[in-house]
Amino acid sequence: QVQLVESGGGLVQPGGSLRLSCAASGRTFNSYRMGWFRQAPGKEREFVAALSWSAGRTYYADSVKGRFTISRDNAKNTVYLEKNSLKPEDTAVYYCAADGSPGSRLSSMSAEYDYWGQGTQVTVSS
């Protein structure tokens, strides 16, 4: 129903910036919510940010608030994650996800999301 493909990952020095993209295809309803998650080596997958596709509301994890920005381009069916002031702790595989359940409530729980991309590696190191 929905396919997600992340891109934009790579090597970044501490303090640098990076923009991740999530290209969506298939049927996407106005009620869908989009999310970014990440998983570092030896750690569980954690929530990063979420966005209501139609309303544009956003929600961020405390660890990235003020540094990361989630946004979308409706014409391109793409969700972005702008990442600034990167830290080594931000090193992880970043996943894009879509929540197609009814309603517009944003969620930080991975189980609430129905579709997932393959992930893109982000490494923050000098």
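Each peptide in 60-69, 45-54 receives the mean, over its residues, of other Cβ atoms within 10 Å, and ordering these scores from highest gives 45-54, 60-69. Show which lysines lie in cross-link reach of K87 when reach means a straight Cα distance below 18 angstrom and same-chain residues fewer than eight apart are skipped. Excluding near neighbours in sequence, the set is K43, K65.
As a fraction of the 1.4 Å probe accessible area of the chain, surface on carbon and sulfur atoms comes out at 45 percent. Looking at the chain alone, DSSP beta bridges between its own residues are antiparallel in about 95 percent of cases. Sparsely packed loop sites in segment 70-122 (the trypsin sites (Lys or Arg not before Pro) outside DSSP H, G, I, E and B with at most 14 other Cβ atoms within 10 Å) comprise R105.
Remark: relative contact order (the chain) = 37 percent; criterion is Cα-Cα distance under 8 angstrom and separation of 6 or more residues. The residues of the chain expose on average 52 square angstrom of accessible surface per residue, using a 1.4 Å probe on protein heavy atoms.
Computed about the Cα centre, the dipole magnitude for the chain is approximately 240 debye when only Lys and Arg (+1) and Asp and Glu (-1) carry charge, each at its Cβ. For segment 1-68, the Kirkwood hydrodynamic radius from C-alpha pairs, put into Stokes-Einstein at 10 °C and a viscosity of 1.306 mPa s, yields a diffusion coefficient of 115 µm² per second. Think of segment 1-92 as having a plus end and a minus end, set by charges on the Cβ of Lys, Arg, Asp and Glu; of A55, S85, M34, A55 sits farthest toward the positive end of this dipole.
The values are calculated or read from the model by the stated rules, or taken from the named source; none is laboratory data. Quick caveat, the model's predicted, so the values are computed rather than measured. Positions of Cβ are generated from backbone atoms using ideal geometry, with glycine treated the same way; all protein chains shown enter the neighbour counts. To get the accessible areas, we keep the full protein, side chains included, count just its heavy atoms, and leave off ligands, DNA and RNA. Shrake-Rupley method; radii C 1.70, N 1.55, O 1.52, S 1.80 Å.
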